[in-house]
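Here's the structure we're looking at; comments come further down.
The values are calculated or read from the model by the stated rules, or taken from the named source; none is laboratory data. Worth saying up front: this structure is predicted, and the values here are computed from it rather than measured. Counting neighbours? That spans all protein chains shown, and the Cβs are built from the backbone with ideal geometry, glycine included.
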Amino acid sequence: MSKQDYYEILGVSKTASNDEVKSAYRKLAMQHHPDRNPDNKESEEKFKEATEAYEVLSDANKRSRYDQFGHQGIRGGQDFHQYSNVNDIFSAFGDMFGGGGGIFEQFFGGGQQRRNPSMGEPGSDIRIRLPLTLEEIADGTKKKIELKRMVICEPCSGKGAKPGSGVSACTSCNGTGEIRQVSRSVFGQFVNIAPCASCGGTGQIIKEPCVSCGGEGRVKGKSIEELTIPSGVSTGNFIPLRGKGNAGRRGGPAGDANVILEELEHEHFIRQEDDIISELVVSFPEAALGAEVEVQTINGFAEIEIKPGTQPGTEIRLRNRGIQHLNDKGRGDQIVRINIHVPTSLSSKEKALIKDLSEGENFNTNSLNKKGKDFFDRVKEAFS
């Protein structure tokens, strides 16, 4: 089961400040606190998930690695504490809750953060898949990609208004960009805040829309971006490009571009974590007598020794010929699996030679098959 995104767990954007991350965690921690939810396993798990997400996103180094490589960038979750119970969490983050006793006294305190009406509607994130060969993954590479996205309208500088024309405050929300509705119940007073539909949350009404963008402040465009791909990445890893997503409406902040990495199937190699597996077919004489043969590696060729009497399925390990580790020194190995070629078409001379060999003691398999018969006899006895 794949782990949930840490930003989604806390309910914050990828550009959230440290204070926003801390505030979101405090809210979730109080909501799912075990004192409020006794014997509730689901709330306890959510409490732990929120703490795990907070520990990563509140640390600049961990957050940077997570943003670039996802959960694998923090070693599959091993770069944070594993909490066996909620008391461990209070020990680690007790300062956030006033030592653990004052958590609910703070729950209903503080005001709600208001959005900035001068900012337009934020742009959406975009996704693009980037196929990579095993050779590119093995040692890292640089790639250029084209991003098709909404970009800022240059004639109006993203404001949406015709150059030279003005804007006026929205009369529906009085320029706040928000509509507030107050409702009362037996539990108290509730305030619902939503973006103003008349002005799109900007607090402003455009008198004359820009002819280039129709008042949106953005148009279709594209850009070329260069990426540095580290070694050892896997399918599903992603690289975020901050602010390279769709431009926001009427000056709103741009979204992100998430480049999803995808490993292509290789013609000769199979990847097993950071090791690579290949097959080498040798002739019967080479397997029987031994030989020096050339084998293909991820970055060239290498000679290996086939020892006399090598059997089918024998594995030969080439140290440090695999994939360079992600965020670590060293690299994996190449494992060469030996297969022996049996010819399907023989000349008369070859048949005669093989027949002569088959009569030799070393080519007599009767003793081997007899051992197999003894084995089956023992199996029968065991079940009789």
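Quick notes on this one:
- Picking from residues in the range 134-173 that are within 10 Å of Cys213 (Cα to Cα) and assigned to a strand (DSSP E or B), the one that is nearest to the chain's Cα centre (by Cα) is Ile152.
- Given (1) surrounded by fewer than 11 Cβ atoms within 10 Å (Cβ to Cβ); (2) on the phi < 0 side of the Ramachandran plot, number of the condition Gly313 does not satisfy: (2)
- In the range 220-237 there is no residue that is out of contact with any strand residue (DSSP E or B) (no Cβ under 9 Å at 6 or more places or on another chain), over 18 Å from Gly123 (Cα atoms) and in a loop (DSSP other than H, G, I, E, B).
- Residue check, Lys207 within 36 Å of the chain's Cα centre (by Cα), farther than 30 Å from Asn327 by Cα and in the same structural domain as Gly232 (by TED's automatic domain parsing): no
- Residues of the range 233-258 that turn out to be over 21 Å from Ala16 (Cβ atoms) and buried (at least 19 other Cβ atoms within 10 Å of the Cβ), as a count: 3
Residue-wise test of (1) at pLDDT below 90; (2) hydroxyl-bearing (Ser, Thr, Tyr); (3) outside the structural domain of Lys27 (by TED's automatic domain parsing); (4) surrounded by 17 or more Cβ atoms within 10 Å (Cβ to Cβ).
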position	(1), (2), (3), (4)
Ser64	yes, yes, no, no
Phe69	yes, no, no, yes
Gln82	yes, no, no, no
Ala92	yes, no, no, no
Lys143	no, no, yes, no
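- For His266, the conditions (1) surrounded by fewer than 16 Cβ atoms within 10 Å (Cβ to Cβ); (2) without any contact (Cβ under 8 Å) to a residue 24 or more places away in the chain are fulfilled apart from (2).
- Considered as a group, the residues in the range 18-57 that are surrounded by 15 or more Cβ atoms within 10 Å (Cβ to Cβ) and in a loop (DSSP other than H, G, I, E, B) include one that is modelled with the lowest pLDDT, and that residue is Pro34.
- If you check Gly248, Gly236, Gly252 for being farther than 23 Å from Lys144 by Cβ, in the same structural domain as Gly214 (by TED's automatic domain parsing) and modelled with pLDDT under 90, only one passes: Gly252.
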